[in-house]
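Written below as structure tokens is the structure these notes are about.
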Amino acid sequence: MAVSDECKLKFMELKRKKTYRYIIFKIDEKAQQITLEKTGEPGESYEQFAAHLPENDPRYGIYDFDFVTEDNCQKSKIFFIAWSPDTSRVKAKMIYASSKDRFRRELDGVHYELQATDASEMDIHVIRDRAN
């Protein structure tokens with residue numbers, strides 16, 4: 001599965017320049033390529049990111065999570081989220097699962113990876129616990 005240059009470029013902008021809060025990627029099955037679907041502005045919340053993930057289709061997501069440690073230090077961790085709801089088509093789930101590792105390797109600088117099949121597996125408390 002090829003990865004579009006735009007995907008890599010947007011990820012670098014998120015990582016280095018903090019241009020985006022999140023990025024959602026999808027697989028174009030006809031073109032056999034991972035493409036950019038949506039970016040979120042720096043002020044958008046995790047809830048807004050989660051709301052943009054489709055209910056019945058897999059996606060890959062990158063979320064830049066800002067938080068304050070117990071020592072009162074401002075930190076940022078980048079999460080890679082493989083969203084594959086149980087209600088997705090079997091073929092789509094297989095394509096996303098088989099492409100995930102290669103795509104993930106293209107995104108240098110991700111701190112944590114999550115796989116989720118429903119919203120409870122990736123809610124903000126899970127993200128916060130992993131980041132700390």
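The values are calculated or read from the model by the stated rules, or taken from the named source; none is laboratory data. Because the structure is a prediction, the values reported are computed rather than measured. We place every Cβ from the backbone using ideal geometry, glycine too, and count neighbours over all the protein chains shown. Surface areas here come from the heavy atoms of the whole protein model, side chains and all, with no ligands, DNA or RNA. Shrake-Rupley method; radii C 1.70, N 1.55, O 1.52, S 1.80 Å.
Structure summary
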| item | result |
| --- | --- |
| Tabulated pairs, segment 36-52, first in contact (Cβ under 8 Å) with a residue 40 or more places away in the chain, second open to solvent by less than 70 Å² (accessible area, probe 1.4 Å) and β-branched (Val, Ile, Thr), C-beta under 8 angstrom, 6+ apart or interchain | TYR46/ILE124; TYR46/ILE127; GLU47/ILE124 |
| Scan of segment 107-132 for residues that are surrounded by fewer than 12 Cβ atoms within 10 Å (Cβ to Cβ) and charged (D, E, K, R), ordered by number | ASP108, ASP129 |
| Any hit, segment 75-95, residues being surrounded by 15 or more Cβ atoms within 10 Å (Cβ to Cβ), more than 13 Å from the chain's Cα centre (by Cα) and of a type in the set (A, V, I, L, M) | yes |
| Complete set of residues in segment 1-21 that are surrounded by fewer than 18 Cβ atoms within 10 Å (Cβ to Cβ) and among the β-branched types (Val, Ile, Thr) | THR19 |
| Which listed residue, of ILE24, ILE34, is in contact with a helix residue (DSSP H, G or I) (Cβ under 6 Å, 6 or more places away or on another chain) and open to solvent by less than 40 Å² (accessible area, probe 1.4 Å) | ILE34 |
